[in-house]
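The structure appears below as structure tokens.
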Amino acid sequence: MSLYRTELRRLAKRRFTRWATLLGLLVLAAVVVGVFFTNEKIGPAQLAQAEQRAEQEYQQQVRWSEQERAACEAAKAGGTAEPDRYPEDCSVISPPPREAIEAQWFLPSTFDFRESFGFTLLPFAAILALVGFVVGASFVGAEWNTGGMMNLLLWRPKRLTVLLTKLAALLSGLLAVALSAAVLWFAGFWLVATFRGSTEKMTSGAWQSFALTGLRGVVLALVLATAGFALASLGRHTAMALGGAIGVMVVGQFALGILLDMAGVRFAEAWLLPTYAMAWMQKKVTLQDWQSCNATFSGECQPATLDITWQQSSVLLAVGVIVTLGAALWTMRRRDIS
Amino acid sequence: MPAVLEIEGLRKTYKSRRRGTRNALDGFDMRVEAGQVHGFLGPNGSGKTTTLRTLLGLIRPDGGRMSILGHDVPAALPTVAGQVGAIVESPQFFPHFSARDTLSLLAGAGDVPAERIDEVLELVGLRDRAGERVKTYSLGMKQRLAVASALLKNPKLLILDEPANGLDPGGIREMRTLMRTLAESGMTVVLSSHILGEIQLICDSVTIISLGRRVAFGPVEEVLAQHSSGAVRVRLEAVTDLPAAAEALIRSGIRVTGHPDHLMLAGVDKPATVTRLLAEQGLYVSELAPVAVDLESVFLELTATAPVPGQHRQVDQSTKVGEAGQTSTGGGWGA
């Protein structure tokens, strides 16, 4: 227990941990502030203005269709009509019905908590996961790099206990930050919705759904922190984890994506990691293969689809953690420390 | 006297596809008795640090047996780690932490009372600089901090690898006094160093290693005596009598080297023989001094690492015990 407390202290004392956490929280705060200033509450004045703009748009459509019908009839009468420009019967050129132009199209952007909050949990999880990854990698990588790990092992010559205690301290520290940030995130957007949107229709089911999505976001951050920690421990340097992550992104994602696209592979996104991160957060991502039929605007042909579910993502995350952490523990146990 | 540290037949082999097999430790033996300051000497690359790392569980041995305070290691390291303070090679600390933070974190990990931090900071002379970041420290100050971290546990066995590295002359003397004080208080100190004058001054016993094997061990005086050449310097009342004296001594089977104002004799068992021989010839001795051998010359002789003009000795060019012309000077386990 003393080792765990000491490692928590070490984590909190590290300058990189403090700066990375602060930076992550500032970015999250900037998102909340940005959403606050780009939305506004919808009241009678905004509704009236939207109605007025919808009417103006309808009148413009009426004027345009009348001009076009007149031009069509003139061209037909003069025999100068281009074959594909006008229909056979000029009377079919008519304005859209008034109800087809909706006032809501002209409403300013507003933050509906029930509609929009779920989407904000994606950047929340992504920023937390990024902070978790780099802090996790740096926490153990710097220890290896500066000889701190060797010093510690002279005091506690149980390698696996030391490494796992460090990981436990990292994950519990990250969990504390993530849960606090999540509470602030919920509260922040509730305030945004209150002053710049709507908090209506929030049922217990909606709250439960948001809470579960937030929880999955926190789990994603913990998984990536573990992966960063394990990779840095494997290479005994922070750069191993960061280099590995960049390598996976550049080679494994961008290059693979281009290659799969060029090869015309069906559902190419199913091979890319971000798809699984999205599926983990949104519970399901539906991929579409537009080559599977000649889809038309009339909607007669639907493309083939492939669902990536959060359960499949959870298997991938679990395998990733087991492989990287297992390798880190194995090398910690077997390799000499010099 | 009970042994605090015993090593028998320790082996460590490094295998590389490109460079082949290298025996860093090749059946190395060592014994350190309680309450001693023990010098651990060897040329660069001889296996000193590998021995210490293996002993402390950082490197996995390929064979042999080690024990600390009567417990077989590395199996019992978790049991004895609280009684062993060690620094291995150059001091390495997280640069952005202060000395006090560094020691506080180590003390926390080892269940050492916080009061002990101030005691060791005082002991190594870092009390007034304890709040500064380690990255601002000189090498000598980092070395002091390393010693402080090793002393934090108030260990029964203190293992220090090059503790005087980077210290100023005053610091070296302080370190020497500290080692002696610790030994007098009952602590056993194993000291690896290349400053052989220091080792000779403060150590009770030594082990010399070369290419992974022990080439000499025992109390410092015994090691020096074993390798004393029996050289004697002779001066006469009249310098003009030196040729006659040399002739008489050579006739008696003594090897003589002439110098302008004295003679150097080798292979003399009893200096009194020289006095008697010369007196019989009517030659009177004004000075008869056995030439003392020091640890440095013994070290250079045993490890065959004395510099030779015009040659550049490579790291692995030193004596290997058991090679033709070489004899082992020590025994095995418990010797």
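At a glance:
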{"read-out": "Residue in region A:96-109 that is under 30 Å from B:LYS156 (Cα atoms) and touching a residue at least 40 places away in the same chain (Cβ under 8 Å) present", "value": "no"}
{"read-out": "Sole residue being in a strand (DSSP E or B), of a type outside the set (A, V, I, L, M), in the same structural domain as B:ALA164 (by TED's automatic domain parsing) and farther than 23 Å from A:ARG159 by Cα, chosen from B:GLY64, B:GLY35, B:GLY45, B:GLY39", "value": "B:GLY39"}
{"read-out": "Helices (runs of 4 or more DSSP H) lying entirely in region B:155-269 (those with 2 or more residues that are of a type in the set (A, V, I, L, M) and modelled with pLDDT under 85)", "value": "B:169-184, B:196-202, B:220-226"}
{"read-out": "Residues being at the interface with another protein chain (Cβ under 9 Å from one of its Cβ atoms) and either modelled with pLDDT under 90 or at positive phi (or both) - total across region B:50-72", "value": "1"}
{"read-out": "Flag if A:THR194 is buried (at least 18 other Cβ atoms within 10 Å of the Cβ), more than 14 Å from chain B (Cβ to nearest Cβ) and farther than 28 Å from B:SER104 by Cβ", "value": "no"}
{"read-out": "From the options A:LEU287, A:LEU259, residue that is at pLDDT below 90 and in contact with a Leu (Cβ under 8 Å, 6 or more places away or on another chain)", "value": "A:LEU287"}
{"read-out": "Residue match in region B:124-140 (condition: more than 14 Å from chain A (Cβ to nearest Cβ), among the aliphatic types (A, V, I, L, M) and under 20 Å from B:VAL84 (Cα atoms))", "value": "yes"}
{"read-out": "Flag if B:VAL80 is assigned to a helix (DSSP H, G or I) and either within 11 Å of chain A (Cβ to nearest Cβ) or under 19 Å from the mean Cα position of the chain (by Cα) (or both)", "value": "yes"}
{"read-out": "B:ALA24 vs. criteria surrounded by fewer than 18 Cβ atoms within 10 Å (Cβ to Cβ) and among the aliphatic types (A, V, I, L, M)", "value": "no"}
{"read-out": "Failed item, numbered, when B:GLN92 is tested on (1) surrounded by fewer than 19 Cβ atoms within 10 Å (Cβ to Cβ); (2) polar (S, T, N, Q); (3) away from chain A (no Cβ under 11 Å)", "value": "(3)"}
{"read-out": "Boolean, B:SER149 is within 12 Å of another protein chain (Cβ to nearest Cβ), of a type in the set (Gly, Ala, Ser), within 24 Å of A:GLY141 (Cβ to Cβ) and touching a residue at least 60 places away in the same chain (Cβ under 8 Å)", "value": "yes"}
{"read-out": "Near pairs, Cβ below 6 angstrom, 6+ apart or cross-chain, from region A:62-89 (under 25 Å from A:ILE101 (Cα atoms) and surrounded by 14 or more Cβ atoms within 10 Å (Cβ to Cβ)) to any residue that is at pLDDT 85 or above and polar (S, T, N, Q)", "value": "A:SER65/A:SER94"}
{"read-out": "Scan of region A:314-338 for residues that are part of a helix (DSSP H, G or I) and either of a type in the set (Asp, Glu) or within 13 Å of chain B (Cβ to nearest Cβ) (or both), ordered by number", "value": "A:THR331, A:MET332, A:ARG333, A:ARG334"}
{"read-out": "Selected residue [more than 11 Å from chain B (Cβ to nearest Cβ) and part of a helix (DSSP H, G or I)] from A:LEU153, A:LEU174", "value": "A:LEU174"}
{"read-out": "Residue in region A:31-46 that is loosely packed, with under 12 Cβ neighbours inside 10 Å, away from every other protein chain (no Cβ under 14 Å) and over 32 Å from the mean Cα position of the chain (by Cα) present", "value": "yes"}
{"read-out": "Matching residues in region A:156-171 - criterion: being in a helix (DSSP H, G or I) and closer than 21 Å to B:ARG60 by Cα", "value": "A:ARG159, A:LEU160, A:THR161, A:VAL162, A:LEU163, A:LEU164"}
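Condition check ((1) within 11 Å of chain B (Cβ to nearest Cβ); (2) closer than 22 Å to A:ASP336 by Cβ; (3) in contact with a Phe, Trp or Tyr (Cβ under 7 Å, 6 or more places away or on another chain); (4) of a type in the set (A, V, I, L, M, F, W, C)) across all residues:
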site	(1), (2), (3), (4)
A:ASP112	no, no, no, no
A:ALA126	no, no, no, yes
A:GLY141	no, yes, no, no
A:MET149	yes, yes, no, yes
A:LYS158	yes, yes, no, no
A:LEU164	no, yes, no, yes
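The values are calculated or read from the model by the stated rules, or taken from the named source; none is laboratory data. Given the structure is predicted, the values throughout are model-derived calculations rather than measurements. Glycine also receives a Cβ, built like all others from the backbone with ideal geometry; neighbour counts cover every protein chain displayed.
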